[in-house]
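Some notes on the structure that comes next.
Since every read-out is calculated from the coordinates, none of them should be taken as a lab result. All values reported here derive from a predicted model rather than from experimental measurement. A quick note on method: Cβ atoms are made from the backbone with ideal geometry, for glycine too, and the neighbour counts reach across all protein chains shown.
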Amino acid sequence: MSRDLLIGTYTQRLPHVDGNADGVLAARFDGTAVVDVSVAARVPNPSWVVAAADGAHVYAVEETGPDGGVSAFARSSDGALRPLGRVSSGGDSPAHLMVHPSGRLLATGTYVGGTISVFALDDDGSIGERTAFVQHEGHGPAPARQESPHVHQLVLDPVTGDLVVVDLGLGEVRWYALSEAGELALRPEATVTVGAAGPRHLAFHPDGRHVFLLNELDSTLVLLRRDGDRFEKVASAGTRGPGGAESGAVNQTAAVRVSHDGRTTLVTNRGDDTIGVFAFDAATSALEFLQAVEVGGRAPRDLVFAPSGDRVLAACQDSDEVVVFAFDAAARTLDRLGASSAPTPVCLAFA
């Protein structure tokens, strides 16, 4: 079945990427390839894009400085995006967005600025008043990448409704109580610290009891398990396998996703240009690295499971393509089906 796909991109040359796109891209996924790629909205560096639950509204960061932005769009039935306005992200280089399931709140975090902002969403999907603002302070133990806070991801805890914030610069994952009015209150006792490992992204298991935390700086995947009102670290594994880990080549992880049945976790390795495949047993909290699959493209950033669950798409930033794999959930295998051209793709979102 054909599905609409939104692709976040870079439009400018930055120290870490040679962006050559023109804005947010719209496309269709036909089950085998990404087709009909077009520019849906011309905004600078929309490196993270998210659609509301009903698909009627779309939000994109503008990863720019010294003060980045967040743009809102109404999405029509044919996939066209109509601008609804832009607000300041509250800091330099916003890197992530999260739309609350209620459709009433939006949260964003800035990588260079180290800030978190929550906004109210109006009935028409436009971005309203800022309801919360938090400035992280401090640094982590790795001076080259942790000289200051770097907020990299915000997700909602599916059990408590807390806002979970991954800060690579501090080496911490912080839990914030999020009120219906969009106010934030830090729960300091819930903070998880991994230090120089450099936490980048996390994904909740469908059971809500387990979390997979992906570390960018040391290429590890850490398993967290809920223990009362906080999480404990129960396992850790490298994302590259013996060959990559022993090669000495530079590698940085990017994305982590969990299969629909919760038995398989996938991560992307930039440098090795592979997808790390892990088996997971929720009953025993057992995490096992299985293999690293060659992507066939350069610098895989985001990857997503298609809604059908039997396809995986990887956005290859430096080779301007989206690679498609067939996924066998029973065997936990990935078979490459092909690649589709798209300029500087870094985020994939089905709408």
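Once you list every other residue whose beta carbon is under 13 Å from the beta carbon of ALA33, what net charge do they have if Lys and Arg are +1 and Asp and Glu are -1?
On the way: positive: ARG3, ARG28, ARG311, ARG336; negative: ASP30, ASP36, GLU321.
That sum, taken over residues with Cβ under 13 Å, equals +1.
Find the centroid of the Cα atoms in the stretch 256-332 and in the stretch 56-107, then give the distance between the two in whole Å.
27
Please compute, for the alpha-carbon atoms of the stretch 3-162, the extent along each of the three principal axes and give them in descending order in Å.
For the stretch 3-162, the Cα extents along the three principal axes come out at 46, 36, 29 Å.
Could you order the peptides 249-255, 279-285 from most to least packed, using the average number of other C-beta atoms within 10 Å per residue? Display every interim value, and only then the final one.
On the way: 249-255: 18.9, 279-285: 12.4.
Going by the mean number of other Cβ atoms within 10 Å, highest first, we get 249-255, 279-285.
Taking the chain as a Gaussian network, Cα atoms linked when under 10 Å apart, which of SER88, SER219, SER247 shows the biggest mean-square fluctuation?
Result for the chain, Cα springs under 10 Å: SER247 fluctuates most.
Considering Cα pairs under 8 angstrom that are at least six residues apart, work out the relative contact order of the stretch 241-308 and quote it in whole percent. Walk me through the intermediate numbers first.
Numbers: 128 pairs, mean separation 20.0, N = 68.
About 29 percent, as a whole number.
Which semi-axes, in whole Å and largest first, does the equivalent ellipsoid of the stretch 1-86 have when worked out from the alpha carbon gyration tensor as the square roots of 5 times its eigenvalues? Don't skip to the end; give the middle numbers.
Values: eigenvalues 98, 54, 17 Å².
Taking √(5λ) for each Cα gyration eigenvalue gives 22, 16, 9 Å.
Rounded to the nearest 500, what is the 222 nm mean residue ellipticity of the chain from helices alone, with -39500 (n - 2.57) per DSSP H run of 4+ residues and division by all residues?
Numbers: 1 runs with 7 residues, N = 351.
Computed mean residue ellipticity for the chain: -500 deg cm²/dmol.
Taking Cα Rg over 2.2 N^0.38 Å straight from the coordinates, which label in (i) 1.13; (ii) 1.09; (iii) 0.91 is the correct one?
Matching the structure shown: (iii).
Do you know the relative contact order of the stretch 1-106, to the nearest whole percent, from alpha carbon pairs under 8 angstrom that are 6+ apart?
20
Rank by packing, highest mean first: peptides 183-193, 263-273, with packing defined as the count of other Cβ atoms within 10 Å averaged across residues. Don't skip to the end; give the middle numbers.
Details: 183-193: 14.5, 263-273: 23.6.
Put in order of decreasing packing, that is 263-273, 183-193.
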